[in-house]
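In what follows, a structure is listed as structure tokens, so that the remarks can point back to it.
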Amino acid sequence: MRITVTIQRFNPETDVKTHPVDYCIEAGRETTVLLALIKIKEEIDGTLSFRASCRAAICGSDLMMINGIQKLACKTSIFEELDHHGKIVIGPMANMSVIKDLVVDMDPFWKKIRAVTPYVVSQNTDQPTPTEPLKNIQEALQNADACIMCGACLSACNSFEVSSDFLGPAALAKAYRFQVDPRDEIRRERLDALQGNNGIWDCVRCVYCVQVCPKDVEPMEQIVRLRKRSIESGFTQSIGAKHITEFEKVVGEEGRLNETRLPLLMTWGNLGKMIQMIPLGIKMLLHGKSPNPFAKPPEGHEAVREIFKGRKK
Ligand code: SF4
Ligand code: SF4
Ligand code: FES
């Protein structure tokens with residue numbers, strides 16, 4: 001069957017931005033997007049640039065936008081795409097600078113991975129003796145070690161789109177992977193390093209990284225685990241950590257979320273932050289998002305308080 005594949009092309013020597021080009025090729029049921037690209041390059045236009053290596057969803061090098069979603073070209077069936085979208089439009093990974101055609105600059109991705117010290121740090125040069133059964137370690141890893149470094153999660157990340165310094169889902173999943181490695185001797189220092197700006201508290205939990213990851217690493221879930229560990233290890237002073245601890249306190253005490261009191265508790269002792277919150281507080285009040293602090297609590301609040309009391313037993 002003859003199909004049309006649209007590719008967003010970009011040549012840095014002649015183009016100012018990407019532009020679509022249509023290619024007609026013969027495709028069968030077994031044709032993947034990667035096979036289609038190879039066919040186009042071999043038979044129609046040898047200047048087409050893309051990355052690929054293993055052709056088996058292992059190396060992570062052929063991640064691209066396929067009909068608007070981050071996917072591995074070697075794992076994506078042309079016909080399934082046609083069934084779902086009625087077209088095949090291929091482009092370079094979103095949120096990344098394009099070098100040529102479908103090849104993007106992965107330097108920011110690697111920089112973030114390097115920033116979390118992606119290897120075991122231990123003074124012990126002997127072959128380490130595991131002190132825990134391997135099965136327990138495997139369970140604790142929660143698939144964080146399955147990452148193939150494809151970059152799909154970073155490309156889909158809302159926080160990264162807004163702030164390019166955010167460490168991002170893949171690097172934070174990697175940070176979790178070493179957090180649970182019993183051989184590592186700097187686990188507390190690792191947690192400490194993730195508390196500031198651009199660390200674990202800057203994820204907005206949009207879930208996109210979970211949706212696009214081809215290896216089910218579920219980066220956002222690893223970030224949530226890092227947050228939990230941080231609070232359990234006493235890292236409770238960041239605004240993000242306080243949002244969780246004070247949120248729990250307010251709902252436990254009042255049986256409702258009190259948006260007037262919560263920001264005050266979160267920023268208590270930090271005058272600068274408190275002043276920063278004032279315009280937002282006024283906006284929330286004007287839009288009815290902050291409860292009147294003197295109003296009667298809503299019906300059912302006692303039941304919620306009881307649930308919280310029961311939870312602590
Ligand atoms: S859940 Fe967090 S890390 Fe994942 S894509 Fe959204 S903002 Fe980024
Ligand atoms: S976490 Fe998943 S999406 Fe992100 S780089 Fe690793 S394999 Fe790719
Ligand atoms: S070519 Fe290696 S993951 Fe697709």
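The values are calculated or read from the model by the stated rules, or taken from the named source; none is laboratory data. This is a predicted model, so every value here is computed, not measured. Positions of Cβ are generated from backbone atoms using ideal geometry, with glycine treated the same way; all protein chains shown enter the neighbour counts.
Tally time: how many residues in the range 194-218 are more than 16 Å from ligand 2 (Cβ to nearest atom) and on the phi > 0 side of the Ramachandran plot? Don't jump to the end; show me each part of the working.
Here is the first cut: in the range 194-218, the ones more than 16 Å from ligand 2 (Cβ to nearest atom) are 194-199, 201-202, 204.
Within this subset, residues satisfying the condition of being on the phi > 0 side of the Ramachandran plot are 198.
Residues meeting the conditions: 1.
Checking each residue of the range 136-146 against the condition of being surrounded by fewer than 16 Cβ atoms within 10 Å (Cβ to Cβ), within 16 Å of ligand 1 (Cβ to nearest atom) and not small (Gly, Ala, Ser) gives no match. Criterion applied to 217, 224 was being under 19 Å from residue 180 (Cβ atoms) and assigned to a helix (DSSP H, G or I), and the one residue passing it is 224.
Quick one: how many residues across the range 195-214 are more than 16 Å from ligand 3 (Cβ to nearest atom), assigned to a loop (DSSP other than H, G, I, E, B) and in contact (Cβ under 8 Å) with a residue 40 or more places away in the chain? So the count comes out to 5. Any residue that is at pLDDT 95 or above and either within 16 Å of ligand 3 (Cβ to nearest atom) or not assigned by TED's automatic domain parsing to the domain that holds residue 227 (or both) - is there at least one of those in the range 169-189? Scanning the range 169-189 turns up at least one residue that is at pLDDT 95 or above and either within 16 Å of ligand 3 (Cβ to nearest atom) or not assigned by TED's automatic domain parsing to the domain that holds residue 227 (or both). Looking only at residues in the range 292-313 that are among the small types (Gly, Ala, Ser) and assigned to a helix (DSSP H, G or I), the one that is nearest to residue 242 (Cα to Cα) is 310. Exactly one residue out of 163, 122, 159 is of a type in the set (S, T, N, Q), more than 16 Å from ligand 2 (Cβ to nearest atom) and free of Cβ contacts under 8 Å to residues at least 60 places away in the same chain: that is 163. Among residues of the range 148-183 being in contact with a strand residue (DSSP E or B) (Cβ under 8 Å, 6 or more places away or on another chain) and not in a helix (DSSP H, G or I), the one that is nearest to ligand 1 (Cβ to nearest atom) is 151. Here residue 289 meets each of (1) in the same structural domain as residue 177 (by TED's automatic domain parsing); (2) surrounded by 12 or more Cβ atoms within 10 Å (Cβ to Cβ); (3) assigned to a loop (DSSP other than H, G, I, E, B) with one exception, condition (1). No other residue among 14, 47, 32, 18 is within 15 Å of residue 97 (Cα to Cα) and either not assigned by TED's automatic domain parsing to the domain that holds residue 87 or not acidic (Asp, Glu) (or both) apart from 18. Contact annotation: residue pairs with Cβ atoms under 8 Å, 6 or more positions apart or on different chains, pairing a residue in the range 136-151 that is outside the structural domain of residue 72 (by TED's automatic domain parsing) and of a type in the set (S, T, N, Q) with a partner that is within 7 Å of ligand 2 (Cβ to nearest atom) and not in a helix (DSSP H, G or I), are 143/215; 143/217. Taken together, the criteria exclude residue 94 from residues that are more than 16 Å from ligand 1 (Cβ to nearest atom) and either under 28 Å from the mean Cα position of the chain (by Cα) or at pLDDT 95 or above (or both).
Taking the range 250-284 only, how many residues are part of a helix (DSSP H, G or I) and out of contact with any helix residue (DSSP H, G or I) (no Cβ under 7 Å at 6 or more places or on another chain)?
Initial filter on the range 250-284 (part of a helix (DSSP H, G or I)): 250-254, 261-267, 271-284.
Of the ones still in play, those that are also out of contact with any helix residue (DSSP H, G or I) (no Cβ under 7 Å at 6 or more places or on another chain) are 253, 264, 271-272, 275-276, 278-280, 282-284.
Count: 12.
Can you list the strands (runs of 3 or more DSSP E) found entirely within the range 16-88 that contain at least 2 residues being charged (D, E, K, R) and either touching a Ser or Thr at 6+ places or on another chain (Cβ under 8 Å) or at negative phi (or both)?
Details: elements: 19-26, 63-66, 69-72.
The strands (runs of 3 or more DSSP E) meeting that bar are 19-26.
Scanning the range 19-61 for residues that are closer than 29 Å to residue 215 by Cα, surrounded by fewer than 18 Cβ atoms within 10 Å (Cβ to Cβ) and away from ligand 3 (no atom under 16 Å from the Cβ) gives 28, 29. Taking the range 227-238 as the range and being assigned to a loop (DSSP other than H, G, I, E, B) and either within 14 Å of ligand 1 (Cβ to nearest atom) or surrounded by 18 or more Cβ atoms within 10 Å (Cβ to Cβ) (or both) as the test, the residues that pass are 235, 238.
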